[in-house]
1. Could you please state, rounded to a whole Å, how far the C-alpha centre of region 24-80 is from the C-alpha centre of region 192-208?
2. Quick one: accessible area per residue over the chain, 1.4 Å probe, rounded to a whole number of Å²?
3. Around Arg364, what is the net charge, scoring Lys/Arg as +1 and Asp/Glu as -1 over all other residues with Cβ under 11 Å from its Cβ?
4. Run through region 46-83 and list the trypsin sites (Lys or Arg not before Pro) located in a DSSP loop whose Cβ has at most 12 other Cβ atoms within 10 Å.
5. As a test question: what accessible area, to the nearest 10 Å², does Met311 have when a 1.4 Å probe is rolled over all protein chains in place?
6. Calculate how steeply helix 378-394 sits against the longest principal axis of the alpha-carbon atoms of the chain, using the helix alpha-carbon long axis, and give the answer as 0 to 90 degrees to the nearest 10.
7. Counting only GluC sites (Glu not before Pro) that sit in a DSSP loop (anything but H, G, I, E, B) with at most 10 other Cβ atoms within 10 Å, what is the longest stretch of the chain containing none of them?
8. Check each of the trypsin sites (Lys or Arg not before Pro) in region 254-328 and keep only those in coil by DSSP with at most 13 other C-beta atoms within 10 angstrom; list them in order.
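The values are calculated or read from the model by the stated rules, or taken from the named source; none is laboratory data. Please read all numbers here as calculations on a predicted model, not as lab measurements. Glycine gets a Cβ as well: all are built from the backbone with ideal geometry, and neighbour counts include every protein chain shown. With ligands, DNA and RNA removed, areas are computed over all heavy atoms of the protein, side chains included. Shrake-Rupley method; radii C 1.70, N 1.55, O 1.52, S 1.80 Å.
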Amino acid sequence: MDTILVVNAGSSSVKFQLFGVDGTGVLERLIKGQLDGIGTRPRLVAQASDKSPLIDSTYSPDKVPDVPTAITVIAGWLRETQSFSLVAVGHRVVHGGPKYDRPVVIDDVVVANLEQFISLAPLHQPNNLAPIRALLTGRPELLQVACFDTAFHRGHSAVADHFAIPARFYAEGVRRYGFHGLSYEYVAQRMREVVPDMAAGRVIVAHLGSGASMCALANGRSVESTMGFTALDGIPMGTRPGQIDPGVVLYLLREKGMSPAAVQDLLYRECGLKGMSGISNDMRDLESSSDPDAALAVDYFVYRIALNAGMLAAALGGLDAFVFTAGIGEHSATIRARVAEKLAWLGVDLDAAANGAQKSLISRPESRVALLIVPTDEELMIAQHTLALLPKRRDGGKAGEEFTG
């Protein structure tokens, strides 16, 4: 069976999924796994489509010190234990910049272009590109496709897309991009399948995880996002602050004498829930803690979600549905309940029993705004985009040619 490998490489982990492609072009998830703890406590875990375990193996830190090595370990395990015909690899790439507004077949030129955006996504972009480079070297004949978190938001209006700065900076690419686009694209697609009437309306999707953002959808299309030029903006995250006065950055540079590199490290790694609580960037730790700083961090997280919901509802001119997705959104009934309480002014009426039971619809029938839980699936979205590009390459499409279908 022909297969597509999907790779989602982070700073200390590589998530991967293997999809089979049948003769009619239907995707079947075969394997789901990840190698996390890279450089500290590496552990490779994978399971089959029926959730039966395939591997649970740990390594010494020196055996898996970085992302390229992790890719080699994963590829070696797949070759040794699985029988499949790999026809393509799809990658999540966080920042596509102004050039890429859709998935693209990768070549050296594409990689060089994407390297220009490393400073705009320093936690993600280098690690997204690491497995791409490794495969270009080791398997140059293999089709690779880059799928961008920014692409889904590229239809924003000029008003939503601009900062209030001189136009020459916009021309250089300084604009509001938005992120988590693969997640929002999947949620929009899934809603069209299961609740088409709601999907055609005005929807806010809250992607709440270690990285967190919110998106306003009108008839399934992104019209506004809480994230902007980088993945620092918007609501607070595990280690990132969300919205912050630019004057704070100037203060850190001028008055505290911090270097740009030190400020970057602070904003990406030491702020957010971790910085406020002084305890952890994991919402589960904070919810179970009795520390008042942990409580403040959770309060702030909920408060900023509610504030941004008002902003996005204004962009939409009203609201028909509010969707929770990603790790916190899908699994924390407490956070969902607290957010719903703050959105009561919009007509939100939570069904507490449905929320506690993790039902798909968690609002009461009389609620003016529907509340839903829609689990995201970025990897399936990447596999679909990669599959769509396979015929172009097989029919003589050039490397780097962009998907137009």
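1. Spelled out, the Cα-based centre of one part sits 33 Å from the other.
2. Per-residue accessible area for the chain comes out at 45 Å².
3. Cβ neighbours under 11 Å give a net charge of -2.
4. Here the trypsin sites (Lys or Arg not before Pro) that fit, given the DSSP loop and packing criteria, are Lys51, Lys63.
5. Result for Met311: roughly 90 Å² accessible.
6. Compared with the principal axis, the helix lies near 40 degrees.
7. Between exposed loop sites, the widest span is 1-140.
8. Counting only loop positions with at most 13 other Cβ atoms within 10 Å, the trypsin sites (Lys or Arg not before Pro) in region 254-328 are Lys256.
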